[in-house]
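Below is one structure, written out as structure tokens, with a few remarks after it.
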Amino acid sequence: MPRGRLYSFLRPSAARDLDRYLRIRPSSSGGHARPYRGRNPRDVLQACVSGACGQVAGPRPPGVPVRRRSGRVIPAGERSAYGHFQDSDPVREGWEATRAVAEALRAQVIVFQTPASFGPTDANRTALFRFFESIRADAIKGIELRGGWATHFVARICEEIGLVHVVDPFDKESATYGLAYFRLHGSPPGPSMYRYTYTDADLLRLKSICDEYDDSYLMFNNLSMHSDALRFQRILATSTGGAGSIHE
């Protein structure tokens, strides 16, 4: 797994450096942009673009968590304007907030995750293309499409828009090649899910999957994420004769 990057997400501490960045960052109109003003910096780490979107991965200031859900409650009367990549002010603001956080963290990847309700309809396909053709970011953009999207169609979308297909490798194959981004929810997917602890055999299989790619990002998203990530790091170090690369 050349230049592999392994991420486990541990710290719930306040993001002081990010807070400082967001409070002084001006908008193009000269004031403070609406998504940041008066908000806890954690609240913009995951903004509503696709329903649950905006995870960032990459180097960041000390103490800043890489991934955080906003926890923001959207009033019932406003919910129709959020999600599904629609062309609306909340979606555009959600993207700008996510992009700003990615820039602050010097993120290498931004992951867009859709809910299962975002299925492969004509309207959703149109919204996907329109949204990604309208945004710009230095970071790589990955997408985790849930909701019954056929692999061949995901491959076409990712190729035409320039996305990395994000998957749990124990559940399905990625539709893209070269760079991999894997989110590990527990193996095999099933009732245990996040309570599952990966076995050594699982981790050896994971390494063999990663070896098929030029570069890999891994996010352990189970309860034993830290210990599993460290065990996987030791497997990498043993197989390569050196220390693996891990970002906590």
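Taking the condition of being surrounded by fewer than 22 Cβ atoms within 10 Å (Cβ to Cβ), hydrophobic (A, V, I, L, M, F, W, C) and either at pLDDT 90 or above or part of a strand (DSSP E or B) (or both), how many residues in the range 187-206 meet it?
Qualifying residue count, the range 187-206: 3.
Every residue in the range 103-139 that is outside any loop (DSSP other than H, G, I, E, B) and under 14 Å from ILE157 (Cβ atoms), please.
If the condition is that a residue be outside any loop (DSSP other than H, G, I, E, B) and under 14 Å from ILE157 (Cβ atoms), then PHE112, ASP122, ASN124, ARG125, THR126, ALA127, LEU128, PHE129, ARG130, PHE131, PHE132, GLU133 are the ones that fit.
Can you tell me which of ARG92, ARG106, ARG79 is in contact with a Lys or Arg (Cβ under 8 Å, 6 or more places away or on another chain) and over 18 Å from LEU163 (Cβ atoms)?
Criteria check complete, one pass: ARG106.
Kindly provide the set of residues from the range 80-92 that are crowded, with 19+ Cβ neighbours inside 10 Å and either farther than 15 Å from PRO115 by Cβ or among the charged types (D, E, K, R) (or both), ordered by number.
PRO90
Please determine whether any residue of the range 214-226 is assigned to a helix (DSSP H, G or I) and within 20 Å of LYS172 (Cβ to Cβ). Working first, answer last.
So in the range 214-226, the residues assigned to a helix (DSSP H, G or I) come out as 225-226.
Filter again for within 20 Å of LYS172 (Cβ to Cβ), leaving none.
No: the range 214-226 contains no residue that is assigned to a helix (DSSP H, G or I) and within 20 Å of LYS172 (Cβ to Cβ).
Listed residues THR114, THR151; which is of a type in the set (Ser, Thr, Tyr) and more than 24 Å from ALA97 (Cβ to Cβ)?
That would be THR151, the only listed residue that is of a type in the set (Ser, Thr, Tyr) and more than 24 Å from ALA97 (Cβ to Cβ).
Is there any pair linking a residue in the range 198-221 that is free of Cβ contacts under 8 Å to residues at least 40 places away in the same chain to one that is of a type in the set (A, V, I, L, M, F, W, C) and part of a helix (DSSP H, G or I), with Cβ under 9 Å and at least six apart or on different chains, and which?
Listed pairs, sorted by first residue: TYR198/LEU206; TYR198/PHE232; ASP200/ILE235; LEU203/PHE232; LEU203/ILE235; LEU204/ILE235; LEU206/PHE232; LEU206/ILE235.
From the list LEU179, LEU184, LEU105, LEU145, exactly one residue is at pLDDT below 90, in contact with a strand residue (DSSP E or B) (Cβ under 8 Å, 6 or more places away or on another chain) and either surrounded by 15 or more Cβ atoms within 10 Å (Cβ to Cβ) or of a type outside the set (S, T, N, Q) (or both). Which is it?
Working: LEU179 fails: at pLDDT below 90; LEU184 fails: at pLDDT below 90; LEU145 fails: at pLDDT below 90.
Only one candidate passes the filter, namely LEU105.
Looking at the range 95-153 only, could you name the residues that are within 13 Å of PHE85 (Cα to Cα) and of a type in the set (Phe, Trp, Tyr)?
If the condition is that a residue be within 13 Å of PHE85 (Cα to Cα) and of a type in the set (Phe, Trp, Tyr), then TRP95, PHE112, PHE118, PHE129, PHE131, PHE132 are the ones that fit.
For residues that are within 20 Å of ARG146 (Cα to Cα) and of a type in the set (Val, Ile, Thr), tally how many sit in the range 71-111.
Counting residues in the range 71-111 that are within 20 Å of ARG146 (Cα to Cα) and of a type in the set (Val, Ile, Thr) gives 4.
Would you tally the residues in the range 175-197 being in contact (Cβ under 8 Å) with a residue 24 or more places away in the chain and on the phi < 0 side of the Ramachandran plot?
So in the range 175-197, the residues in contact (Cβ under 8 Å) with a residue 24 or more places away in the chain come out as 175, 177-186, 193-197.
If we keep only those that are on the phi < 0 side of the Ramachandran plot too, we end up with 175, 177, 179-185, 194-197.
Adding up the residues that qualify gives 13.
If you check ILE135 against the conditions, is it surrounded by 14 or more Cβ atoms within 10 Å (Cβ to Cβ) and touching a strand residue (DSSP E or B) at 6+ places or on another chain (Cβ under 7 Å)?
When the stated conditions are applied, ILE135 does not pass them.
Is the range 166-181 home to any residue that is out of contact with any Lys or Arg (no Cβ under 9 Å at 6 or more places or on another chain), hydrophobic (A, V, I, L, M, F, W, C), outside any helix (DSSP H, G or I) and within 22 Å of GLN108 (Cβ to Cβ)?
There is at least one residue in the range 166-181 that is out of contact with any Lys or Arg (no Cβ under 9 Å at 6 or more places or on another chain), hydrophobic (A, V, I, L, M, F, W, C), outside any helix (DSSP H, G or I) and within 22 Å of GLN108 (Cβ to Cβ).
Please go through the range 79-102 and give me each residue that is acidic (Asp, Glu) and assigned to a helix (DSSP H, G or I), ordered by number.
ASP89, GLU93, GLU96, listed by residue number.
The values are calculated or read from the model by the stated rules, or taken from the named source; none is laboratory data. Keep in mind the model is a prediction, meaning the values are calculated, not measured. Every residue, glycine among them, receives a Cβ derived from its backbone with ideal geometry; neighbour counts consider all protein chains shown.
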